[in-house]
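Working notes, beginning with the structure itself.
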Amino acid sequence: NAGVTQTPKFRVLKTGQSMTLLCAQDMNHEYMYWYRQDPGMGLRLIHYSVGEGTTAKGEVPDGYNVSRLKKQNFLLGLESAAPSQTSVYFCASSRHVGGAGQPQHFGDGTRLSIL
Amino acid sequence: SQQGEEDPQALSIQEGENATMNCSYKTSINNLQWYRQNSGRGLVHLILIRSNEREKHSGRLRVTLDTSKKSSSLLITASRAADTASYFCATDPIQGAQKLVFGQGTRLTINP
């Protein structure tokens, strides 16, 4: 049981380049999330999805786009990378049970450097 | 803006001692969760305490929640070197649509 898998694990980009980060979960979870983690800032929510075909903005969505065409996959795109987007990106998923929050399951992150 | 604030930011203790970390938050919540993050890894869920609960145990972990003070604490008893990690509290705001809001974390170091 792999849980949440993120691809790639590391990437270096030049300013202005684009890329897509892939997150895959095999737990049949309805909810999926993308966070970024910066030193001293904790985790900040970029975008999230409450089900296949749905996406919504989080706390820091600017410069990012997402798609959830399949329930098990959640893609995070950077159309024109900027140095300020240098960070560690985490994907997470959780079950939907009524209206209360459930534990989130995290991948091991993608370390992204923008030069 | 982040809701949770953790105290202390860093804690260093000897193996076998107890470690206590605190979390304060600002708005009403459905529940509060604690996570551990080992260096270079993702977060791992430790324990969830609902707003109508005051204390919860899981192995060597004890979590308390005081909704009147909007605060929580995580106690790790009889610490081990393997407990060295960062610990984060995360709140599930009542109007947050299951969007957790994470604190900045406490960096715990257990010295052998």
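Some points to look at:
- Filter result for A:Gln72 (within 14 Å of A:Tyr31 (Cβ to Cβ), out of contact with any helix residue (DSSP H, G or I) (no Cβ under 8 Å at 6 or more places or on another chain) and at pLDDT below 95): no
- Selection of the stretch B:5-33 for residues being closer than 18 Å to B:Pro93 by Cα and at the interface with chain A (Cβ under 10 Å from one of its Cβ atoms) yields B:Glu5, B:Glu6, B:Ile29, B:Asn30, B:Asn31, B:Leu32, B:Gln33.
- Applying the set (1) surrounded by 14 or more Cβ atoms within 10 Å (Cβ to Cβ); (2) within 19 Å of B:Gly40 (Cα to Cα); (3) over 14 Å from the mean Cα position of the chain (by Cα); (4) touching a residue at least 24 places away in the same chain (Cβ under 8 Å) to A:Thr110 leaves exactly one unmet item: (3).
- Filtered residues of the stretch A:1-44 (kept if closer than 14 Å to A:Phe74 by Cα, within 10 Å of chain B (Cβ to nearest Cβ) and in a strand (DSSP E or B)): A:Val4, A:Gln6, A:Tyr31, A:Tyr33, A:Tyr35
- Taken over the stretch B:1-46, the criterion of being crowded, with 20+ Cβ neighbours inside 10 Å and in a loop (DSSP other than H, G, I, E, B) is satisfied by B:Gln3, B:Gly4, B:Tyr25, B:Gly42.
- Meets criteria (surrounded by fewer than 15 Cβ atoms within 10 Å (Cβ to Cβ), more than 9 Å from chain B (Cβ to nearest Cβ), part of a loop (DSSP other than H, G, I, E, B) and small (Gly, Ala, Ser)) for A:Ser84: no
- Within the stretch B:74-103, tally of residues that are among the hydrophobic types (A, V, I, L, M, F, W, C), more than 10 Å from every other protein chain (Cβ to nearest Cβ) and not in a loop (DSSP other than H, G, I, E, B): 6
- Among the residues of the stretch B:54-73, those that are among the hydroxyl-bearing types (Ser, Thr, Tyr) and in a loop (DSSP other than H, G, I, E, B) comprise B:Thr67, B:Ser68.
- Among all positions in the stretch B:50-71, there is at least one residue which is more than 13 Å from chain A (Cβ to nearest Cβ) and on the phi > 0 side of the Ramachandran plot.
- Here A:Gly77 does not fit the description of being under 12 Å from the mean Cα position of the chain (by Cα) and either on the phi > 0 side of the Ramachandran plot or surrounded by 20 or more Cβ atoms within 10 Å (Cβ to Cβ) (or both).
- Residue in the stretch A:42-54 that is more than 21 Å from B:Val44 (Cβ to Cβ), at pLDDT 95 or above and among the hydrophobic types (A, V, I, L, M, F, W, C) present: no
The values are calculated or read from the model by the stated rules, or taken from the named source; none is laboratory data. Remember, predicted model here, so these are calculated numbers, not experimental data. Positions of Cβ are generated from backbone atoms using ideal geometry, with glycine treated the same way; all protein chains shown enter the neighbour counts.
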